[in-house]
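The next block holds one structure in the form of structure tokens; read it before the comments.
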Amino acid sequence: MRLLPLIAATFFMVSGGPYAIEDILGGAGFGWAILILLVLPFIWSLPTALMIGELASAIPAEGGFYVWVRRALGPYWGYQEGWLSLSASIFDMAIYPAFFVSYLGRFNPALTDGWHGYALKLAVVVVCCAWNLRGAPAIGNDSVWMSALLLAPFMVFVGIGFWHGITHPAAVQWSGPGTESALSTAILVAMWNYMGWDNASTVAQEVENPQRTYPRAMIASTIVVAVSYILPLAAMAIAGLTVASFSTGDWIAAGKTLGGPLLGTAIALGGVITGVGMFNALVMSYTRLPMAMAEEGMLPRALARRNGRGVPWVSVLFCGLAWALALSLTFERLITIDLILYGSSLLLEFVALVVLRIKEPSLVRPFKAGNLAFAIALGVGPAALIGYALYASRADVVKLGHSSMSALLFSLLVGLLGPILYRFTAVPRRRARALSVEPVGD
């Protein structure tokens, strides 16, 4: 995978365009929404991108962040990193097939009614898993044209919005509801829309010249994602469109207002592409984790099997089955759970960055994110935001069927399964593997 396909794949792993930022605008208004989307890249995305740029260029291993944490902190914490990431994927990956179905229903609601909706979600899982069997380079190349297709309507939208604002000046509604709850929701949704940069690291051995490509791809994709969020909001503001009740899916209505039915339809089609593109790119990323863990004796060896194109096909099938089963669960507050589990794994990666600086000072680092003090400081902003997310979501409730519990408690229970699974699955497997390679005495 070369630079441009890696940027495009990272774009889908993190963003997939302006879709899903509607709740930021509806909750905070133009002024706060644009400010949040401008500030967060500097304290959330850029530190993560710099951390990944250094570690991916120094240790370009298949499995990415799992390998970094294991190398820095040992097998126990490496396993926890893998568990937190894979468990977060269950909640994260449930969102994108639903996203696909939601936008497809804008063309004809009958297509997604009742069992049709579930069947279409399942089809997304099956198609993307089969798609991934072609290999990471193919996924990266396909991400390029898909990202171009979904961003094209927004380029038109931005052009029309600014032109309308210049030729027909209107009062900008900078303020939103302004409540603490609305602003908290806006920040949490923005954090979710800016997370996932480390997912690109798991395919490092399938990237051309990763030492040079990763740092450039991380910085470039950070800029692309931020611009794809901020410019459409700025165009809406200057064009004088209202933010009242602006929520998920309302880009279509905004497109029809500025550019007519054709632009609204193009934006809806872009939403369909986003759902598939994000799920597809993340399948590529997440399925390398069980493979890397299996190769080191953490999981059954079968998960490390690859096809002729180097794709861990057993891992793809295993993860695809898990994601398909999750489609039937009626989870609420998916973003909260995802943030907590993902945030915990991200903090381990920042710890690994610092520990490796101390533990392996002679490690060749083609890209280095400043001195040791700067490396330590990189994790401060993300840690503070994760702490805020925990505080802001303290009253959130997750519903599982007919029962419910605190989202924080639920996330904690999921996280605590990691040490238990390590004790009863990974430890015996590693012991058996160690005994099998010991030399036989006289």
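Values in this text are rule-based calculations from the coordinates and carry no lab data. Everything numeric in this text was worked out from a predicted model, so none of it was measured. Here Cβ is always computed from backbone atoms with ideal geometry, including for glycine, and neighbour counts include all displayed protein chains.
Enumerate the aspartates and glutamates that Lys368 could reach by cross-link, defined here as Cα to Cα under 16 Å, with residues fewer than 8 away along the same chain left out.
List returned: Glu54, Glu349, Glu360.
Taking a quarter of the surface of the Cα convex hull of region 106-228, what do you get in nm²?
Working: hull surface 48.6 nm².
Value for region 106-228: 12.2 nm².
Can you list the HN-Hα couplings for region 45-59, worked out from phi with the Karplus curve (6.51, -1.76, 1.60; θ = phi - 60°), rounded to whole Hz and with x for Gly and Pro?
Per-residue couplings from phi come out as 7, 4, x, 5, 4, 5, 4, 5, x, 5, 5, 5, 7, 7, 10 Hz.
Could the peptides 306-312, 95-101 be put in order, highest first, of the mean number of other beta-carbon atoms found within 10 Å of their residues?
Values: 306-312: 15.9, 95-101: 22.7.
Answer by packing, highest mean first, reads 95-101, 306-312.
Hey, can you grab everything whose amide H is under 5 Å from the amide H of Val397? Only 5+ residues off in sequence or another chain; H modelled, so Pro and N-termini drop out.
Ala407
Along the charge dipole of the chain, which of Val355, Leu46, Leu258 sits closest to the positive end, that is, farthest toward it, with unit charges on the beta carbon of Lys, Arg, Asp and Glu (+1, +1, -1, -1)?
Val355
I need the P(r) histogram for the chain: all alpha carbon pairs, bin width 20 Å from 0 out to the longest distance, whole percents.
Going out from 0 Å in 20 Å bins, the chain shows 25, 59, 15, 1, 0 percent.
For Arg431 paired with Glu208, estimate the spin-label separation in nm (one decimal), with each label point 7 Å from Cα along the Cα-to-Cβ line.
Taking the simple label geometry, Arg431 and Glu208 are separated by 4.9 nm.
What is the extension gain from Arg305 to Val227, computed as 0.36 nm multiplied by their sequence separation minus the C-alpha to C-alpha distance, in nm to one decimal? Mind dumping the intermediate values first?
Working: separation 78, 0.36 × 78 = 28.08 nm, distance 3.96 nm.
Residue separation times 0.36 nm, minus the Cα-Cα distance, leaves 24.1 nm.
For region 14-118, what is the charge dipole size about the Cα centre, in debye to the nearest 20, if Lys and Arg each add +1 at the Cβ and Asp and Glu each add -1 at the Cβ? Before the final figure, lay out the partial values.
Working: 3 positive and 7 negative charges, 28 e Å.
In total the dipole reaches around 140 debye.
Could you tell me the largest-minus-smallest coordinate of the C-alpha atoms of region 366-409 on each of the three principal axes, in descending order and whole angstroms?
Result for region 366-409: principal-axis Cα extents of 52, 22, 10 Å.
Take each of the peptides 79-91, 132-144, average the number of other beta-carbon atoms within 10 Å over its residues, and list them starting from the highest. It would help to have the intermediate numbers written out before the result.
Numbers: 79-91: 24.6, 132-144: 20.7.
Highest-to-lowest ranking by the protection proxy: 79-91, 132-144.
Most mobile of Glu22, Glu54, Glu208 per a Gaussian network model of the chain (Cα springs, under 10 Å)?
Glu208
Kindly provide the helix-only [θ] at 222 nm of the chain, computed as the sum of -39,500 (n - 2.57) over DSSP H runs of four or more divided by all residues, to the nearest 500 deg cm²/dmol?
On the way: 19 runs with 305 residues, N = 442.
Computed mean residue ellipticity for the chain: -23000 deg cm²/dmol.
Per 0.36 nm of contour for each residue apart, how much would the distance between Lys368 and Leu122 grow if the chain were fully extended, relative to their Cα-Cα spacing? It would help to have the intermediate numbers written out before the result.
On the way: separation 246, 0.36 × 246 = 88.56 nm, distance 4.24 nm.
That pair, Lys368 and Leu122, stretches by 84.3 nm at full extension.
Applying the Karplus parametrisation 6.51 cos²θ - 1.76 cosθ + 1.60 with θ = phi - 60° to the phi angles of region 348-360, what ³J(HN,Hα) value in whole Hz is obtained for each residue in order, glycine and proline being reported as x?
Once rounded to whole Hz, the list reads 4, 5, 5, 5, 4, 4, 5, 4, 5, 4, 7, 6, 10.
Tilt of helix 427-437 relative to the longest C-alpha principal axis of the chain, in degrees (0 to 90, nearest 10)?
Long axis of 427-437 versus the principal axis of the chain: about 50 degrees.
Could you sort the peptides 265-271, 113-119 by per-residue average Cβ neighbour count (10 Å cutoff), highest mean leading? Display every interim value, and only then the final one.
Working: 265-271: 22.4, 113-119: 12.1.
Ranking the peptides 265-271, 113-119 by packing returns 265-271, 113-119.
So what are the three principal axis dimensions of region 268-388 from its Cα atoms, in whole Å, longest to shortest?
45, 38, 28
Quick one: what are the phi-derived ³J(HN,Hα) couplings along region 69-83, Karplus 6.51/-1.76/1.60 with θ = phi - 60°, whole Hz, x for glycine and proline?
5, 5, 5, 7, 10, x, x, 4, 6, x, 5, 5, 4, x, 5
Using alpha carbons only, what's the Rg to Rh ratio of region 20-169 with Rh from Kirkwood? Please list the in-between numbers first.
Numbers: Rg = 20.3 Å, Rh = 19.6 Å.
Here Rg/Rh amounts to 1.03.
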